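As structure tokens, the structure follows; a few thoughts come after it.
The values are calculated or read from the model by the stated rules, or taken from the named source; none is laboratory data. From a predicted model like this one, the values you see are computed outputs, not experimental measurements. Here Cβ is always computed from backbone atoms with ideal geometry, including for glycine, and neighbour counts include all displayed protein chains.
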Amino acid sequence: LFKGGLAGWTGRRRLIDLVAEADRENVAAVLEAAGRRPGVIPPIDAGIIGDGERSARFYINAVEDGADGRDAVIVNAIEITEHRALEQQLSQRHKLETVGRLAGGIAHDFNNLLTAIIGFSDLLLANHRPSDPSFQDIMNIKQNANRAAGLVRQLLAFSRRQTLRPQVLQLGDLLSDLTALLSRLLGENVRLEVVAGPDLWPIKADLNQFEQVIVNLAVNARDAMPGGGTTTIRTRNLLAAETASFAYRPLPPADYVLLEIEDTGAGIPPEVRERIFEPFFSTKEVGKGTGLGLSTVYGIVKQTEAYIHFDSVVGKGTVFRLFI
């Protein structure tokens, strides 16, 4: 647990020095209480020093007659790093599900209102000539209603309440068709590299929606590199036995087609990583984005019964991985 056990520590090394600094005060207080009042002591969770963010659950039992007649405590520490990570992932997934149900219900009702607005706008346009002073105002109403309908479709995608038309697709062909569009979207400062794996297995997805997933992730990569950089799209077949090499949860062992979209941008700060798939959450300036790009991607991927995960290093870049 403590990088090879306690054998390497001297007798004068305090147990509290093995606990992460943020939790030392709490653990010290429990140890002191155990020394004063032997008895049942509830376990306490705390971080431990070492590589990465690790956690342990400390079980502290007081002993009235220790060595040399002194009071002592017996401490058992069980590592719960993976357990805590799973708890956080389940909590985040539950939060996204709750937000999705709320967003889907609102979007569905709002979509009905927009349908009526657009329909009545068409009726008014049919009764007005282009030279009529009111014609342009009615056109503006219809255009803005159509923009709002586009946002509603993205919310429905996040909440997985849109209708998909899945078909068998060859991911390599799809990327070939999108390459020219992606090059234009990324601009002159961002270089696009496509590394296609051989003999890719076919996937089953909605063509238009899956194209939107790739475009949204590519645009997101571009926005992370305002000074320019490289966006790399990689594909390959992933055998079930290879899924164990990824520490993502949930990711059941199965055969997947793996799609990776990587950038060399600023990376995602740790404090916002849990929220990037939430609708209307954006780190961009006001007016620079709707905050629906990644939430739309999340909804389409989940509705396709695929999985999306990411790794990010601040200052080096981010890679999104889709397991289809």
Report task. Please find, within the stretch 152-173, the residue that is modelled with the lowest pLDDT out of those that are assigned to a helix (DSSP H, G or I) and surrounded by fewer than 18 Cβ atoms within 10 Å (Cβ to Cβ). Result -> Arg153
Query raised in the report: Considering only the stretch 307-321, how many residues are within 23 Å of Leu164 (Cβ to Cβ), touching a residue at least 60 places away in the same chain (Cβ under 8 Å) and over 10 Å from the mean Cα position of the chain (by Cα)?
Result: 1
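Yes/no matrix, rows are residues, columns are (1) part of a strand (DSSP E or B); (2) within 25 Å of Gly315 (Cα to Cα); (3) not small (Gly, Ala, Ser):
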position	(1), (2), (3)
Asn216	no, yes, yes
Val219	no, yes, yes
Arg222	no, yes, yes
Thr235	yes, yes, yes
Pro252	no, no, yes
Leu259	yes, yes, yes
Glu262	yes, yes, yes
Requested in this report: Take the residues in the stretch 262-300 that are of a type in the set (D, E, K, R) and exposed (fewer than 14 other Cβ atoms within 10 Å of the Cβ), then tell me which one is modelled with the lowest pLDDT.
Outcome: Lys288
